[in-house]
Structures are given as C-alpha cells and as structure tokens.
Amino acid sequence: MTATFTVETAANESLSYQWRHDNGVPLTNLSDGGNVFGSTTSTLTVSAVSPANVGAYSVIVSNTAGVAVSSEAFLTIVPWRPVITAQPASHAALPGETVRLTVAVAGSRPLFYQWRKNRSSLTDNGNLSGAATRALTITSVSSANAGAYSVVVNNALGVATSSKAVLSVASVTAPGVTMTSMYSFAGGADGGNPNGLVQGGNGILYGTTQNGGRTLAGTIFQMASEGLLTS
C-alpha cells in the first residue's frame, strides 16, 4: 500500500519544502530513502507502508518572505484480509532439478500459508520444504511431483487462494524409448569421469575422461554403437 501527502500554497515565489514525521518520538525531518520519496517537494510518497510509518505528517514551506507550517495529516493502517499480489508461476522441469514456487501477499500480519498439490495439503518431507511459508521448494524433482500447486493464505480477517501453478516434469527420452547403459567406466586404466560424447560421421562416439591412462591424466576414447570402448 502507498500513501501520498500533498500540500498546496498560494505563493508564487520559489518555495522550499521539508516534510516531517511524528510517531510518538521527537518530531523528525524526513529525507528520501527506503520507502520515502519527495521529502523536500510538495508531494510526499510513502510506499509499502508498514507500522513504522504510522503517525502524524506535516510540512514546513518557506521562501525569502517567511515560513509556514501545515496542519498534521495522520497515517494509520487499517487491518485487511490477505490479497495475493503475485501468483505462483508454472514450471517445466527436468528430473533432478530444483523448483521454487513463490507467492506475494499483502494483508495484515501475521499471515499463514498452506501449499497444496491437486487440492491436497502438503507438509515438509522428502524433497519438499516450505509448505507453510510463502515459498515452496521441491528438490530433485521427479514425475511424482508433477501436478497443480496452489497456496491458501489466511489471517484473522479472511482467506485468499492463489491460482494454480502447473509443474510438469519432462521425460529425458522420447515416448516409448528406454535408455540402455552401453558402457560403465571402472575408473582404472580406462579412465573415469567422462566429459561427454560427440558422434562422428561414421557413427562412432568419441570422448575424453578426466582420469586414467598411462599418466592418470585422462584418456581419449571411442565407442562403437554396440558399446565396445577403445582408449
């Protein structure tokens, strides 16, 4: 929530402004910073109002002819129910990735959160954490985590429910295709920790390893389509 205070004057000469704030401690001259802007202009803006901003506001207006002080304007915070200002976003993830679903909410504190998957309430366990916070984290995503996620937020004045964020987990293979291990590196003379493969025009796969070989500094290898490896 943003609060704006404006003062108007009848003088035509160049004017100087100084906004002030009184929240029960000694009257303080304001300066721009944080969520306060326009402290030396005719319009003062307080963004993202918090309890620290509650109080009386006034402004000193001056020019070469003299000084005038405005009456006080009071800023209070009215309790209000939760309002979702940013909905959780859908994600398409690969197996093993980490997904974070977040929601932004305005409303009177304290706010309480409950994440749901397909309308069932979630708890922190396994690869889920933050089920009762504004951010739900899912680590090492698998197909079991796919679904529609939403969050219910409530306080003493009401309840708000987010829109659904769909988490889809992509398959690493095409439909109906399975992956077969062609070769397992032993980590000895044949090397270990392969860096990757490229396929030559002859259909043979080529790559390097980080270990192995005569100096244990790595090897260069080729792998035939049937899984036969030569280094």
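Here Pro110 meets each of (1) within 22 Å of Val78 (Cα to Cα); (2) at pLDDT 95 or above with one exception, condition (2).
Name the single residue that is farthest from the chain's Cα centre (by Cα) among those in the range 13-22 being closer than 13 Å to Val61 by Cβ and of a type outside the set (A, V, I, L, M).
Here is the first cut: in the range 13-22, the ones closer than 13 Å to Val61 by Cβ are 13-20.
After this cut, where a residue has to be of a type outside the set (A, V, I, L, M) as well, the list is 13-14, 16-20.
Values: Glu13: 48, Ser14: 45, Ser16: 41, Tyr17: 38, Gln18: 37, Trp19: 34, Arg20: 35 Å.
Here the residue is Glu13.
Apart from one condition, Ser71 fits all of (1) over 30 Å from Ser142 (Cβ atoms); (2) in contact (Cβ under 8 Å) with a residue 12 or more places away in the chain; (3) within 23 Å of the chain's Cα centre (by Cα); the exception is (3). Among the residues of the range 51-71 satisfying the criterion of being under 16 Å from Ala3 (Cβ atoms) and loosely packed, with under 13 Cβ neighbours inside 10 Å, which is modelled with the lowest pLDDT? By that ranking, first place goes to Pro51.
Those strands (runs of 3 or more DSSP E) of the range 1-99 in which 3 or more residues are among the hydrophobic types (A, V, I, L, M, F, W, C) occupy 55-63, 66-69, 73-75, 83-86.
The values are calculated or read from the model by the stated rules, or taken from the named source; none is laboratory data. Remember, predicted model here, so these are calculated numbers, not experimental data. Cβ sites come from the backbone with ideal geometry, for glycine too, and all protein chains shown count toward neighbours.
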